[in-house]
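The values are calculated or read from the model by the stated rules, or taken from the named source; none is laboratory data. Remember, it's a predicted structure, so these values are computed and weren't measured experimentally. Here the Cβ positions follow ideal geometry from the backbone for every residue, glycine too, while neighbour counts run over all protein chains shown. Surface accessibility is based on the protein's heavy atoms, side chains included, excluding ligands, DNA and RNA. Shrake-Rupley method; radii C 1.70, N 1.55, O 1.52, S 1.80 Å.
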Amino acid sequence: MTHDLVSDFQARGLIHQSTDAARLREWLSVPGRRVYAGFDPTADSLHVGHLVALVLLRRVAHAGHEPVALIGGATGMIGDPSGRSEERNLLSPDELAANIAGVERQIRAILLSDAGNNSHVTPHHVVNNADWMRGVGYLEFLRDVGKHVPLSQMLGKDSVKSRLERDGGLSYTEFSYMLLQAWDFVHLSDSLDCRVQIGGSDQWGNITAGIELGRRLRSRELHGITCPLLTKSDGTKMGKTASGAIWLDPRRTSPYRFYQYWINVDDDDAGRCLARLTPLSLDELADLDAKRAAQPAARDSQKRLAEELTRLVHGDGGLAAARQATEIFFGAEIGQLDDSQLAEIFADVPSREFSRSVLDGEGLLLIEALTDTGLAQSRGAARRTVEQGGAYVNNRRIADPAHRLTTNDLASASTLVLRSGKKSYAIARFQ
RNA sequence: GGGGAGUUUCCCGAGCGGUCAAAGGGGUCAGACUGUAAAUCUGAUGGAUUUUUCCUUCGCAGGUUCGAAUCCUGCACUCCCCA
């Protein structure tokens, strides 16, 4: 199972900067080495931007080493200035506790997920830096850590320089962030003999601060690797959409939307995502690259990408749900589903409650249902949509503007699915 | 301080007393095509009604007129030129 992690990372385009590659290779030539990546609990869920690091840890395990995921319970109280243009707002203790719990659950789930091919459970560690920072006194910290970090070095970091040049500047608190992260690294090298830290390219300054501190305090050689930020071909960050970030928590981003995000990745970006985010072998990657060039319309790459990642994050059940929803959103008439299935599939879709009695007798005017659910701005717009063939009930086109909805139109016991155009759905519930 | 130009529907922009809910473009929404892509093509695009009319809209407030986005007066704001 052991293979050369560094070469694999290089082949997949995962290395942006690293400390001396030869020394790093040498250290990693022995199985069971510990490698860590940190995650600050800035929200109660991680998002797609964290996926590279999470997958990186899985690769570490896959290569026969032991991944260490560090949750920044302490550093999260401060806020990392790296890659940020403004001072962060501090989180309340309650928020922070909830965030830590959520993030920890996700990290464990992903490290333990048997998606892909490493079905055997390898040893892994999840630690929280609050556990060792909490008891440390301020004076003690200044004497033991601060004393060994030259100000010139701190001021030289890009994360600090760029902020100092801006109007907002940065506070002493955020300035100190890198000391905490540096100490984390040294602490993990003490407690777990963890000597390698990986992170996004914006973490280089913080990682090198830790390496430097390790040399000064312990005369110990530590290593660091950063991976390039995953960006789209247009230069924007991966995982951001017009409607916000793509989260890993199904309550924030449904498995369907998560799946769809990857299905819709540009051809230009698909290869890079596959290489960096999936466990596919280099041969499989080359194969998909060739297929994509020859037959872009088949979109094998996107399908594989969506499948791998949805399974990793949401499990087989999540993948199945996403696929079922996909079929419905792009396909056939809706029937044979019960209320709860519909509720699940259309979790992201706006819904509106109606009194059941409106379906009796003549029924509810379709046009009225379209405006009431917000699918149309006005009755005129609704009429237009219907007349132009853009209105669907349970995915069946209704082109008669005088159509009235009755109990016959219900897709399940009390639910009816309205659609305008290709993608705009709304759920009407009749209680 | 003096002189000039302007303010139009989501945006840009035409309109110069009735035929103006207001050209054209962009955007948006539908349809066709397609790879759930890009491009292209078609239709629609103030509100209510449904085919007939009504209501609201052209910086704001008044006025002239049978009739004003269009003319007049005042006010507000924007831009340009000369000191």
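Give the ranking of A:I15, A:I107 by solvent-accessible surface, highest area first, calculated with a 1.4 Å probe.
A:I15, A:I107
Taking K and R as +1 and D and E as -1, what net charge do the other residues with C-beta under 10 Å from the C-beta of A:R84 add up to?
Residues close to A:R84 contribute a combined charge of -3.
Regarding chain A, what is the average projected area of its C-alpha convex hull, in nm²?
Result: 24.6 nm².
Roughly speaking, what is the centre-to-centre gap between region A:354-400 and region A:302-330 when only Cα atoms are used, to the nearest Å?
Each part reduced to its Cα centre gives a spacing of 31 Å.
Could you list which residues have their amide H under 5 Å from that of A:L405, counting only those 5 or more apart in sequence or on another chain, with H placed in the peptide plane?
Hits under the 5 Å cutoff: A:L364, A:L365, A:L366.
Trypsin sites (Lys or Arg not before Pro) within region A:204-234: which are DSSP loop residues with at most 16 other Cβ atoms inside 10 Å?
A:R220, A:K232
Lysine pairs in chain A 8 or more apart or on different chains: how many have alpha carbons under 22 angstrom apart?
11
Quick one: which of A:365-372, A:137-144, A:283-290, A:418-425 comes out on top by average Cβ neighbours within 10 Å, and what's the full order, highest first?
A:365-372, A:418-425, A:283-290, A:137-144
Rg and Dmax of region A:334-409, using alpha carbons, in Å: what are they?
Rg then Dmax for region A:334-409, in Å: 12.6, 33.
Amide H to amide H, which residues 5 or more places from A:D249 or on other chains are under 5 Å from it, using H placed in the peptide plane?
When sequence neighbours closer than 5 places are left aside, the close amide H contacts are A:L46.
Please build a GNM for chain A, connecting alpha carbons under 10 Å apart, and tell me which residue among A:A382, A:A293, A:A11 fluctuates the most.
Among A:A382, A:A293, A:A11, the largest GNM mean-square fluctuation belongs to A:A293.
Can you give the convex hull volume per residue for the Cα atoms of region A:285-431, as a whole number of Å³?
Per residue, the Cα convex hull of region A:285-431 comes to 125 Å³.
Between A:A11 and A:D114, what FRET efficiency comes out of the Förster formula 1/(1 + (r/R0)^6) with R0 = 25 Å and r the beta carbon distance, rounded to 0.05?
Efficiency, rounded to the nearest 0.05: 0.55.
Convex hull volume of the Cα atoms in region A:23-176, per residue, in Å³?
Normalising the Cα hull of region A:23-176 by residue number yields 145 Å³.
Given H placed on each backbone N at 1.01 Å, which residues far from A:R195 in sequence or on other chains put an amide H within less than 5 Å of it?
Residues meeting the criterion, in which the H sits 1.01 Å from N, are A:R34.
What does the accessible area of A:F329 come to, in Å² to the nearest 10, when a probe of 1.4 Å is used?
20 Å²
Taking K and R as +1 and D and E as -1, what net charge do the other residues with C-beta under 14 Å from the C-beta of A:N408 add up to?
That sum, taken over residues with Cβ under 14 Å, equals -1.
Would you work out which of A:I328, A:A294, A:S281 lies farthest towards the positive end of the dipole of region A:279-393, given +1 charges on the beta-carbon of Lys and Arg and -1 on that of Asp and Glu, about the Cα centre?
A:A294
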